[in-house]
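Asker: Here it is, the structure, as structure tokens.
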Amino acid sequence: MATYKKKVTEKGAGKKSSENMKSTTAEVFNTLDSTASKSEAFIIKQQKNIFIALTAIVIVILGYMAYQKYVVEPKEFEAADELAFPKKYFDLAVSTEVATDSLFSLSLNGADGKYGFVDIADKYSGTKAGNLANYYAGIAYLKTKDYQNAISYLNDFTSKDELLAPIAKGAIGDAFTDINQPKEALEYYEMAAEMRTNDFTTPFYLFKAANTAFELKDYKKATTYFTKIKEEFPSSSEAVNIDLYISKATYAGSQEK
């Protein structure tokens, strides 16, 4: 007599699958509960250290805010106020042809108990006015032919300003030109030209860089800079008669070969 195996009904299979899912879910939650319990235990154990760390962070933040409000801001106002005295003499010196050296000297060294740019740059370093004092001191030294101090102070000046930033670099180039160091001058003229792109400083320092390169017999570079002025800044004052400069540099370069 033949015997037959009973087939597992779909209903029975579904029940078994459901039980397995419940078991797996339970295991997942048990694992999560276990992990959470360990985390809680760690936090409870380390809560003192965590509290100390958070307190330290809050103290640092509050300390920084207090320092900005009660130290930095008053110092900024004080430095800006001190800057007014030497700037008056600086502005007078650049707008007149009479006794400019003595006016620049007053702007640099101060008088009547008032600070000059040199003292402000030193005593208020880190402030905006102290930084600006470096610029004014550098230009004043350049005008009075103290080139080493001019280079030093202008190098200490930093700015994101569209005009002041390249002018400061270009002024360093002028100082190196005046002490007959054209290689260094060219480097700073190039930096000044590349630092910002505008219709004033860019062609101005490209022209100085081109002429300095020509002096150094780097005629290819000179031609490149003169040509850039012609193509990119045709309305600038430097572009006037620029074809003559291009021809001159090109011809000089051809004679080198």
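The values are calculated or read from the model by the stated rules, or taken from the named source; none is laboratory data. Everything quoted here is computed from the prediction, not taken from an experiment. Cβ atoms come from the backbone with ideal geometry, glycine included; neighbour counts cover every protein chain shown.
Asker: Only one of Ile172, Ile179, Ile167 is over 25 Å from Asp91 (Cα atoms) and not assigned by TED's automatic domain parsing to the domain that holds Phe104. Can you tell me which?
Answerer: Step by step, each of Ile172, Ile179, Ile167 is checked, and only Ile179 is over 25 Å from Asp91 (Cα atoms) and not assigned by TED's automatic domain parsing to the domain that holds Phe104.
Asker: Still on this structure, please answer the following. From the list Phe233, Phe226, Phe204, exactly one residue is within 25 Å of the chain's Cα centre (by Cα) and either buried (at least 21 other Cβ atoms within 10 Å of the Cβ) or assigned by TED's automatic domain parsing to the domain that holds Tyr141 (or both). Which is it? Working first, answer last.
Answerer: Numbers: Phe233 fails: within 25 Å of the chain's Cα centre (by Cα); Phe226 fails: within 25 Å of the chain's Cα centre (by Cα).
After applying the criteria, what remains is Phe204.
Asker: Moving to a separate point now. Looking at the range 174-190 only, could you name the residues that are in contact (Cβ under 8 Å) with a residue 24 or more places away in the chain and either surrounded by fewer than 19 Cβ atoms within 10 Å (Cβ to Cβ) or not small (Gly, Ala, Ser) (or both)? Before the answer, list the steps.
Answerer: Here is the first cut: in the range 174-190, the ones in contact (Cβ under 8 Å) with a residue 24 or more places away in the chain are 174-179, 182-183, 185-186.
Answer for the range 174-190, where residues must be in contact (Cβ under 8 Å) with a residue 24 or more places away in the chain and either surrounded by fewer than 19 Cβ atoms within 10 Å (Cβ to Cβ) or not small (Gly, Ala, Ser) (or both): Asp174, Phe176, Thr177, Asp178, Ile179, Pro182, Lys183, Leu186.
Asker: Take the range 89-136 and flag every residue that is more than 14 Å from Asp156 (Cβ to Cβ), polar (S, T, N, Q) and touching a helix residue (DSSP H, G or I) at 6+ places or on another chain (Cβ under 6 Å).
Answerer: Thr100, Ser107
Asker: Additional query: Out of Ala140, Ala210, I need the residue that is in the same structural domain as Thr250 (by TED's automatic domain parsing) and buried (at least 18 other Cβ atoms within 10 Å of the Cβ). Which one?
Answerer: Going through Ala140, Ala210 in turn, the sole match is Ala210.
Asker: Answer yes or no: is there a residue in the range 241-249 that is touching a residue at least 24 places away in the same chain (Cβ under 8 Å), part of a helix (DSSP H, G or I) and surrounded by fewer than 15 Cβ atoms within 10 Å (Cβ to Cβ).
Answerer: There is no residue in the range 241-249 that is touching a residue at least 24 places away in the same chain (Cβ under 8 Å), part of a helix (DSSP H, G or I) and surrounded by fewer than 15 Cβ atoms within 10 Å (Cβ to Cβ).
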